[in-house]
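The values are calculated or read from the model by the stated rules, or taken from the named source; none is laboratory data. These figures come from a predicted structure and were not determined experimentally. As a convention, Cβ positions derive from the backbone with ideal geometry for all residues, glycine included, and neighbour counts pool all protein chains shown. The protein model used for the area step is the full one, side chains on, heavy atoms only, and it has no ligands, DNA or RNA in it. Shrake-Rupley method; radii C 1.70, N 1.55, O 1.52, S 1.80 Å.
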Amino acid sequence: ICDMLPDFKFHHIGIAVWDIEETALYYVDAGYMKAETVIDEIQNVKICFLTKENMPMLELLAPVDENSPVNRILNKMGVSPYHCCYLVDDMEDAVCRLKKKKFVPLIKPVEACAIDGKRVCFLFSKTVGLIELVES
C-alpha cells in the first residue's frame, strides 16, 4: 500500500487482551506510560493507550461483555496484536483509495471516545489484514 498511500502516518498497534490491567503491567515494567482506561460504548470495548518515547504507541482493547467484537480475536488467537492504525487527513478520501486496493470497510466512520472524539474506520484486506484509520 505504500506506493499509493504515502500520506498515511502510523498511529498505533492494537492488541486484543482479556484484562487491560494485567497485560499493561508488562508494558509499564518495560517503561511504557499507561493512560486511563476508557469504555468505548460505540465499539463495546475497553481501551487503554500506552506510550514510550521513540517506541510505537500501543492500544490495549479488552471486551466489555460477551458481545464485544474483540472476543472474536481473543477466542481465535488469545492475547495478540491484531491491527495497525494510521492517521489520515481525509477519511472519505482514504477509504475510497483503500477500496481501490481491495480493502473492505467493516464499519462506517464513527466517533472514537478514546481518541479525542476523532472519527475512526476499520477496513480489512486479505493480503494486509485489519487496519484502522483515524482522522487527524
**Message:** Among the listed residues L60, L98, identify the single one that is in contact with a Cys (Cβ under 6 Å, 6 or more places away or on another chain) and of a type outside the set (D, E, K, R).
**Reply:** L60
**Asked** Out of the stretch 99-118, which residues are open to solvent by less than 70 Å² (accessible area, probe 1.4 Å) and at pLDDT 95 or above?
**Response** F103, P105
**Prompt:** Can you name the residue in the stretch 85-111 that is in contact (Cβ under 8 Å) with a residue 60 or more places away in the chain and β-branched (V, I, T) and is also nearest to E36 (Cα to Cα) among such residues?
**Reply:** V110
**Request:** Tally the residues that are out of contact with any Asp or Glu (no Cβ under 8 Å at 6 or more places or on another chain), within 18 Å of I15 (Cβ to Cβ) and in a loop (DSSP other than H, G, I, E, B), restricting the search to the stretch 107-135.
**Result:** 1
**Asked** If you go through the stretch 112-129, how many residues are within 13 Å of the chain's Cα centre (by Cα) and touching a residue at least 60 places away in the same chain (Cβ under 8 Å)?
**Response** 3
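Condition check ((1) out of contact with any Gly (no Cβ under 6 Å at 6 or more places or on another chain); (2) free of Cβ contacts under 8 Å to residues at least 24 places away in the same chain; (3) within 26 Å of K101 (Cβ to Cβ); (4) not basic (K, R)) across all residues:
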position: P6; (1), (2), (3), (4): yes, yes, yes, yes
position: K9; (1), (2), (3), (4): yes, no, yes, no
position: V17; (1), (2), (3), (4): yes, no, no, yes
position: I20; (1), (2), (3), (4): yes, no, no, yes
position: A24; (1), (2), (3), (4): yes, no, no, yes
position: K34; (1), (2), (3), (4): yes, yes, no, no
position: D40; (1), (2), (3), (4): yes, no, no, yes
position: Q43; (1), (2), (3), (4): yes, no, yes, yes
position: L50; (1), (2), (3), (4): yes, no, no, yes
**Item:** All strands (runs of 3 or more DSSP E) inside the stretch 5-95 with 2 or more residues being open to solvent by 40 Å² or more (accessible area, probe 1.4 Å)
**Value:** 9-16, 38-40, 45-51, 80-88
**Message:** Can you report the number of residues in the stretch 35-64 which are out of contact with any strand residue (DSSP E or B) (no Cβ under 7 Å at 6 or more places or on another chain) and under 19 Å from V110 (Cβ atoms)?
**Reply:** 3
